[in-house]
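Have a look at the structure below before the remarks.
Bear in mind these aren't lab numbers, they're just calculated from the coordinates by the rules spelled out. All values reported here derive from a predicted model rather than from experimental measurement. Here Cβ is always computed from backbone atoms with ideal geometry, including for glycine, and neighbour counts include all displayed protein chains.
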Amino acid sequence: MTAPTEATPQRAAILLPWEHGSRRDRLREAEARLAEAIGLAASIGLVIAHRDILQIRSQRPATLFGEGQVARIGAAIAEAEVGVAVVDSALSPVQQRNLERAWNCKVIDRTGLILDIFGERARTAEGVLQVELAHLAYQRSRLVRSWTHLERQRGGFGFLGGPGETQIEADRRLITDRIARLKRDLDDVRRTRALHRAARNRVPYPVVALVGYTNAGKSTLFNALTGAAVQAEDQLFATLDPTMRLIVLPSGRQAILSDTVGFVSDLPTELVAAFRATLEEVAAADIILHVRDAAHPDSAAQRADVIAVLDNMAASGMLDAGWQNRSFEVLNKIDLLPPDHRDLPETDAIAVSALSGENLPALRAAIDARLARSMHLMTYALPSSNGAILAWLYRHGEVTAREDDGDRITVSVRLRPEDRARFENDFAPAILAPAS
């Protein structure tokens, strides 16, 4: 098969196996799931030539679909001149191989599609390592050259390079060795991130992490709150590598806002594990903002998918079990809702439009209030001759009251618990009155 180029885009069939009466059937309509799969495929330039929802009563071990369905799909694929069939489900290596033989085209499942998207979008060295590790973990059981269908004339590395570039040989020993090396490299990345977090703690700003379903508008909200110019497109997985910027809140308090990778339903377990270094930024955040697309017809199911990923992170020890106590929801894109549908039921959520700026001041105030809730209001008496102590409090806390009385200054200040402990430890000899 001729490798596709920009002049000859790959024609694809999107196939959704649907088990009537399954839990997912109650959670998500089949049409919405198919539309998401189409969006995923289109986001990497595949031309959708055929789409279908196939009801299945039970999964066939050899082909997933029934014999008649396989024959019917094969005819449709041949008629539409499809080069790659995307099955929006998990395929075993046997099922993948048998379907490729039956349909005479490349077949990939949902995990393979998402991995290819991530591989195309990763920009930093860390992102490249994470995607390669996830790909190898996925491929280890398959031992097939299953990425040739998506070769394009573009730069890249290893398995995601263009035609003529070296592809990782499907050999278990070589793959295992490479995985071990990638894990060591990512351990180095994790240690570097820990050092960066330690550096931030020395000039401590609280961290606010944006999480949410892919294409919920996190990057647009990030730009609106920080004035940054992070890539923000109407595209699934437009952001993969985390970005951080300083944000000034209404009280004058400063915080670091972190834009992170978007989640998706049935996020491959290989990606959750491989992106541990990136997800640790969420784990270290003082506040987690769960950004939702309020105008999406499947918003409730998307919410459940994100919470499931975060709960899985908590179960694996990547996130503290009480993460929901430091999170709240932001219902984005209310500009796309009719005016009479903007009274949203979630009482604790903040409804905003990152695009128009509607209610962004209320969101800033809510972040400010949530940070203040976790801070200690302390009163210290300090010598007026030691300006460095006072400057430290202004720099690291929020001074709410100050009284100058000769050689003594009494200051009331809000401090994060770790800053309070550090202040009282470092400046204890100079404090004239105990904390109250």
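Computed values, structure above
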quantity	calculated
Nearby lysines by direct alpha-carbon distance to Lys218 (threshold 24 angstrom, same-chain neighbours under 8 apart not counted)	Lys333
Region 382-387 - phi-based ³J(HN,Hα) in whole Hz, Karplus 6.51/-1.76/1.60, Gly and Pro as x	10, x, 5, 6, 10, x
Projected label distance in nm at Ala372 and Phe427, using a 7 Å step from Cα toward the beta-carbon	2.2
Residue order, fewest to most surrounding Cβ atoms within 10 angstrom, among Ser353, Ser316	Ser316, Ser353
Separation of the Asp187 and Ala381 label points, Cα + 7 Å toward Cβ, nm	5.4
Amide H within-cut-off set for Gly212, under 5 Å, with H built and near neighbours excluded	Phe263, Val291
Modelled FRET efficiency - R0 56 Å, Asp407 with Leu195, Cβ distances, 0.05 increments	0.85
Region 49-57 - phi-based ³J(HN,Hα) in whole Hz, Karplus 6.51/-1.76/1.60, Gly and Pro as x	9, 7, 9, 7, 10, 10, 6, 10, 7
Hits among lysines - C-alpha to C-alpha of Lys106 under 24 Å, sequence gap 8 or more where chains match	none
Förster-model FRET efficiency, 22 Å R0, Glu29 and Ala90, C-beta, rounded to 0.05	0.65
Global form of region 32-136, assessed from the alpha-carbon gyration tensor, a/c cut-off 1.5	prolate
Rough spin-label spacing in nm, given labels placed 7 Å along Cα→Cβ, for Asp320 and Thr400	2.2
